Amino acid sequence: MRFIGCSLAWRPGEAGKRTSYLVVMDERGSIVANSFATGAEELAAAVQGYAEGRRGLLVGVDAPLSIPNERGTRGVERVLSRISLPAYSASRRMFGGEPFAEEFLAALEGTDVGYTDYPFPRTRGQRTATEVDSAATLKVLRFELEEKRGSKDGRGKGGDELAGSLRDLPEPRLRKGNKEGRAEELKGAVDALWNTPGLRLRTGNLSAELQAQENVDISKLDISPTLSHAELDQIASLVEGTLAAYTVHRHWKGRDGSIVVGTGYEGSVLLPASGPLYERIAEECRMAKLPYV
């Protein structure tokens, strides 16, 4: 099996023009490859190449894949915002036509990779794509790291305290701010990935050179304000792709907890979540009458 995270350039003005990034994990949770491509067909061909000779693949796409609303926001976005988790803000009107994510899904279907809005089975042999949100995943990972530190001191959180902890955590800002702030934010994100159980950033076949055409090891990069905004964007895409790959891998392993918020035509997002956090998200879904699994 291969687990692919796609940091998709999907927003108006960048779709089909700005580079999208793919990050590939194996069943052990090791990053084994990454690369970039532009355009839906090129991305789908790259995904197909990574799947060749493998016993299936799961693709986590960091972009809204089902956008039924002409304006406003989707139900899943409203629920996640109430829990202080980042959420996409997307409507069909903002694209002025077919969203690029739908074009990408159509290209994936041409390689026998099907979209699902339901938790995919934990079996080999499937070829499935689902929606994830890298910013929400990063915030969950930071929350879990804080919880782990708190448990060591006997301070596990629940209820209102849990909600307050989520509110107090800073929103991921990998693509906003000046170079000094972005560099610090990216270093913090890489540190969170490095300390995430079940994820192995460093393997022998990856390069420490950001200028490499593929297979860049983000854990070896010198992330500093001396880099250009374009280079910081590249690192941000690699981080987002890694978070997306981790999300589908974590759900497939079935060990550390996950939840699908929303379902069907209205849109859904797969998130890592367990214990009290899962229950908190589920409670908001029930109040909003939004399906979850």
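Every number in this text was worked out from the coordinates using simple rules, so none of it is lab data. Note that the coordinates shown come from a computational prediction; the quantities given were computed from them, not determined experimentally. A quick note on method: Cβ atoms are made from the backbone with ideal geometry, for glycine too, and the neighbour counts reach across all protein chains shown.
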Count the lysine pairs in the chain that are 8 or more places apart or on different chains: how many have C-alpha atoms under 23 angstrom apart?
17
From the phi of every residue in the stretch 15-30, what ³J(HN,Hα) in whole Hz does the Karplus formula 6.51 cos²θ - 1.76 cosθ + 1.60 yield, where θ is phi - 60° and glycine or proline is x?
4, x, 10, 7, 5, 9, 10, 10, 10, 10, 10, 9, 5, 7, x, 8
If a/c stays under 1.5 just call it rounded; otherwise compare a/b with b/c (prolate if a/b is bigger, oblate if not). Do that for the chain, with a ≥ b ≥ c from the square roots of the Cα gyration tensor eigenvalues.
rounded
In whole angstrom, note down how far apart the Cα centers of the stretch 1-46 and the stretch 86-114 are.
14
Restricting the stretch 34-68 to GluC sites (Glu not before Pro) in coil, as DSSP defines it, with at most 11 other Cβ within 10 Å:
Glu52
If each residue of separation counts as 0.36 nm, what is the full-extension length gain between Ala45 and Asn205 once their alpha-carbon separation is subtracted?
55.4 nm
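In what order do Asp133, Asp112 fall by count of nearby beta-carbon atoms within 10 Å, going from fewest to most? Could the numbers behind the result be given before it?
On the way: Asp133 29, Asp112 9.
Ascending number of Cβ neighbours within 10 Å: Asp112, Asp133.
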Using only DSSP helix segments of four residues or longer, with each worth -39500 (n - 2.57), what per-residue ellipticity at 222 nm results for the chain after dividing by its residue count and rounding to 500?
-12500 deg cm²/dmol
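Arrange the following residues from fewest to most other Cβ atoms within 10 Å of their Cβ: Cys6, Cys285.
Values: Cys6 30, Cys285 22.
Least crowded to most crowded, the residues run Cys285, Cys6.
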Across Asn69, Asn34, Asn215, the residue with the highest GNM fluctuation in the chain (Cα network, 10 Å cutoff) is Asn69
Kirkwood Rh and Cα Rg combined as Rg over Rh, evaluated for the stretch 206-263:
1.11
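Would you mind working out the magnitude of the charge dipole of the chain relative to its Cα centre, with +1 at each Lys and Arg C-beta and -1 at each Asp and Glu C-beta, to the nearest 20 Debye?
Details: 39 positive and 41 negative charges, 129 e Å.
Computed about the Cα centre, the dipole is about 620 debye.
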Residue by residue through the stretch 225-231, what is 3J(HN,Hα) from phi via Karplus (6.51 cos²θ - 1.76 cosθ + 1.60, θ = phi - 60°)? Round to whole Hz and write x for glycine and proline.
x, 6, 6, 6, 4, 5, 5
Projected label distance in nm at Lys176 and Asn69, using a 7 Å step from Cα toward the beta-carbon:
1.8
